[in-house]
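Novice: Supplied in structure tokens, the structure appears directly below.
The values are calculated or read from the model by the stated rules, or taken from the named source; none is laboratory data. Computed from a predicted model, the values in this text were never measured in an experiment. No Cβ is skipped: glycine too gets one built from the backbone with ideal geometry, and neighbour counts run over all protein chains shown.
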Amino acid sequence: MPMGPLSLWGFALVWNLIAWPACWLAGDELAAMHQPRDYLLLLIVLFPVVGLFLLWQAIKGSILHRRYGRSRLRLDPDPGQAGGQVGGEIRLSRPLPTGTRFQVQLQCLRSREERGAKGQRRLATSVEWQDQTEGEGRLSNGRTRVPFVFDVPAALPATEPRARQWHHWQMHLAAELPGLDLALDFPLPVVKGTDRSGISIAGRERRQQLQRAQQLTQVLNLEQQGKTLYLQSRYGREVVGSLLAALFGALFLGVAVGIGWADLASGWLAIPVKLLFCTVFGGLGLLIFLLGATTPLSRLETAIDPENLHVRRFLAGWEVYRRRIPLADIRQLQAHKNSSYGQGQRIRNWYQLRVRHGGRTQTIAESIPGRVLADAALTFLRDHTGLP
């Protein structure tokens, strides 16, 4: 669950009160480094850096809370309906400039408590489903109001009480503003039902259809030539998440190799320890680095004609493979969550479209942001091609 300003300040202060004195006490050792294992002390420097980041997050959270802490979420219907609609409006505690564009995102989250190797508890949260809409607010009685309406699939779970594993729902409101961007989260109750919202947003469904069609065209790079439909996943995809993954993998690899070469064990234990860190942990870091580094450098081309599906994969301009699959051999077209990127509970899931044929799977489209757009892509391809 997201931290409030006071909790975040407390965590940031405790972290910095421990990190900075520890780094200061290790100053002499850092200055006297001369052996490979001594360079592991450089990891101590990471803790004050993380401390500065936590302080910035606390400051930013306090400013947002002071400006918009009295903002409220009003639902219609109340509670929201899984199988109907989640609608209502967000009433901001102060007016915003006319013409400000808002992004409202609805998320169904799954949280679970996990235990570490030493018995400590941690909370892991993932996004089960999300949808978003954009629009302008309405100025009323000196306050800005942001209306929203979402159609929610009936297959999604209702809000559950907190347990070792539970589902809950969240609304996120964002807007780009001079100085500090707006970012607010609101928990909300959702039950199974078919009630619809009384909120009226002129042209909502038409705009949503046009927006989804534009997103599909841009994400899949659709092009129809005669009876053949072309899809392309271009270079430069998921750049931010890929760079972070590559950086994490490189750090993981460097630390693993550094620990492996350091004299942490003697005698007959030295060789197994070096092999463990250099091969197992180092190999994991190398794999993460390669996955992150190659994603923006790869491209996928797919062509679907009345009888066959053609796929070509390129890496940095070089063709890696080429495949032709008869449509008659394809048994299923499905969406698969391939990766996630984000901070806290504001996570974006990236999906691939895959076909199953002869007991194997083949990716035909990738880097589709969100389950809603992935489902729209599945519907479009089924309606316009011979895919099942």
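Novice: Going through G226, G258 one at a time, which residue ends up being out of contact with any Ser or Thr (no Cβ under 9 Å at 6 or more places or on another chain), modelled with pLDDT of 85 or more and of a type in the set (G, A, S)?
Specialist: Details: G258 fails: modelled with pLDDT of 85 or more.
Only one candidate passes the filter, namely G226.
Novice: Got at least one residue in the range 85-104 being farther than 22 Å from A183 by Cβ and within 25 Å of the chain's Cα centre (by Cα)?
Specialist: Scanning the range 85-104 turns up at least one residue that is farther than 22 Å from A183 by Cβ and within 25 Å of the chain's Cα centre (by Cα).
One line per residue, one yes/no per condition, for (1) touching a residue at least 60 places away in the same chain (Cβ under 8 Å); (2) crowded, with 17+ Cβ neighbours inside 10 Å; (3) within 25 Å of the chain's Cα centre (by Cα); (4) more than 28 Å from L247 (Cα to Cα):
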site: P296; (1), (2), (3), (4): yes, yes, yes, no
site: R299; (1), (2), (3), (4): yes, yes, yes, no
site: P306; (1), (2), (3), (4): yes, no, no, yes
site: G317; (1), (2), (3), (4): no, no, no, no
site: R323; (1), (2), (3), (4): no, no, no, yes
site: Q332; (1), (2), (3), (4): no, no, no, yes
site: H336; (1), (2), (3), (4): no, no, yes, no
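Novice: Let me ask something else about it. Could you please let me know if E113 is surrounded by fewer than 16 Cβ atoms within 10 Å (Cβ to Cβ), among the acidic types (D, E) and closer than 24 Å to H65 by Cα?
Specialist: It is false that E113 is surrounded by fewer than 16 Cβ atoms within 10 Å (Cβ to Cβ), among the acidic types (D, E) and closer than 24 Å to H65 by Cα.
Novice: Sticking with this structure for a sec: Restricting to the range 191-238, name every residue that is touching a Leu at 6+ places or on another chain (Cβ under 8 Å) and outside any loop (DSSP other than H, G, I, E, B).
Specialist: Across the range 191-238, the qualifying residues are R212, Q215, L216, V219, L220, E223, L229, Y230, L231, Q232, S233.
Novice: If you don't mind, there's one more thing I want to ask. Do you know which of the residues in the range 214-246 that are small (G, A, S) and surrounded by fewer than 16 Cβ atoms within 10 Å (Cβ to Cβ) is nearest to the chain's Cα centre (by Cα)?
Specialist: The extreme case among them is G236.
Novice: Looking at the structure I just gave you, is P161 within 19 Å of the chain's Cα centre (by Cα), at negative phi and of a type outside the set (A, V, I, L, M)?
Specialist: No, not satisfied.
Novice: Determine, yes or no, whether F186 is of a type in the set (A, V, I, L, M, F, W, C), over 30 Å from S62 (Cβ atoms) and out of contact with any His (no Cβ under 7 Å at 6 or more places or on another chain).
Specialist: no
Novice: Let me ask something else about it. Looking only at strands (runs of 3 or more DSSP E) that fall completely inside the range 65-147, which ones have 2 or more residues that are in the same structural domain as D181 (by TED's automatic domain parsing), of a type outside the set (D, E) and within 27 Å of R164 (Cβ to Cβ)?
Specialist: 80-82, 101-115, 121-136
Novice: For the structure I just gave you, tell me whether H172 is within 26 Å of Q214 (Cα to Cα) and within 19 Å of the chain's Cα centre (by Cα).
Specialist: Yes.
Novice: Among the numbered conditions (1) loosely packed, with under 15 Cβ neighbours inside 10 Å; (2) of a type outside the set (V, I, T); (3) closer than 18 Å to L222 by Cα, tell me where L381 comes up short.
Specialist: (1)
Novice: Now for a separate question. Kindly provide the set of residues from the range 1-56 that are of a type in the set (D, E, K, R) and modelled with pLDDT of 60 or more, ordered by number. Working first, answer last.
Specialist: In the first step, residues of the range 1-56 are kept if they are of a type in the set (D, E, K, R); the result is 28-29, 37-38.
Hit for the range 1-56 is D28, nothing else.
Novice: Conditions: (1) within 21 Å of P77 (Cα to Cα); (2) among the aliphatic types (A, V, I, L, M); (3) without any contact (Cβ under 8 Å) to a residue 24 or more places away in the chain. A124 meets all but one. Number of the miss?
Specialist: Only one criterion in (1) within 21 Å of P77 (Cα to Cα); (2) among the aliphatic types (A, V, I, L, M); (3) without any contact (Cβ under 8 Å) to a residue 24 or more places away in the chain is unmet by A124, namely (1).
Novice: Same structure, new question: Looking at the range 144-152, is at least one residue of a type in the set (S, T, N, Q) and surrounded by 11 or more Cβ atoms within 10 Å (Cβ to Cβ)?
Specialist: The initial filter retains those residues of the range 144-152 that are of a type in the set (S, T, N, Q), namely 144.
Okay, now just the ones that are also surrounded by 11 or more Cβ atoms within 10 Å (Cβ to Cβ), so 144.
Yes, the range 144-152 has at least one match.
Novice: Still on this structure: Which pairs turn up if I take residues in the range 355-373 that are of a type in the set (V, I, T) and look for partners that are assigned to a loop (DSSP other than H, G, I, E, B) and surrounded by fewer than 21 Cβ atoms within 10 Å (Cβ to Cβ) with beta carbon separation below 9 Å, at least 6 apart in sequence or on another chain?
Specialist: As it stands, the answer is V355/L387; V355/P388; I364/L387, since those pairs meet every condition given.
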